[in-house]
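Peer 1: Starting off with a structure, shown below.
The values are calculated or read from the model by the stated rules, or taken from the named source; none is laboratory data. Keep in mind it's a predicted model, so treat the numbers as computed, not measured. Keep in mind that these areas ignore ligands, DNA and RNA; they rest on the heavy atoms of the full protein, side chains included. Shrake-Rupley method; radii C 1.70, N 1.55, O 1.52, S 1.80 Å.
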Amino acid sequence: QVQLVESGGGLVQAGGSLRLSCAASGSIFSINVMGWYRQAPGKQRELVAAISNSGSTNYAGSVKGRFTISRDNAKNMVWLQMNSLKPEDTAVYYCNLLHKSSMLSRYLEVWGQGTLVTVSS
């Protein structure tokens, strides 16, 4: 059973920085993508950033140039460095894992419990 545990959320003033961490445990298939999603009150959950096991990254347009996703495959860790935070970045941030073996036809998906990021103006 794969588990994801996030940490690093909190309250920060606009313009500040936070670094979110996600630790994955369990048996993770080698073909995988780890990502961060967020959900603000009254809004749908949206992709913030994702990184594949080969290091390819993808960012939402609203965070490009401000957020950086990184990972350590050996430690099964992924981080989200958030700079120049804005009040509209306020949301619960969720760590996400999509993974599959070469023998599987579809990805398996795992979610963390979420960590709250609040940016005050």
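Peer 1: Search the structure for amide H atoms under 5 Å from the amide H of Phe29, placed 1.01 Å from N in the peptide plane, and list their residues when 5 or more places away or on another chain.
Peer 2: Sorted by chain and number, the residues that satisfy this are Lys100.
Peer 1: For the chain, give the percent of accessible area contributed by carbon and sulfur heavy atoms, probe 1.4 Å, rounded to a whole number.
Peer 2: The computed percentage sits at 49.
Peer 1: I've got another one for you. Just how many pairs of Lys in segment 38-121 have C-alpha atoms closer than 29 Å, counting pairs that are eight or more places apart or on different chains?
Peer 2: 6
Peer 1: Specify whether the C-alpha gyration tensor of the chain places it in the rounded, prolate or oblate class, a ≥ b ≥ c being the square roots of the eigenvalues: rounded for a/c under 1.5, otherwise prolate if a/b is larger than b/c and oblate if not.
Peer 2: It is prolate, given that a/c is not under 1.5 and a/b is the larger ratio.
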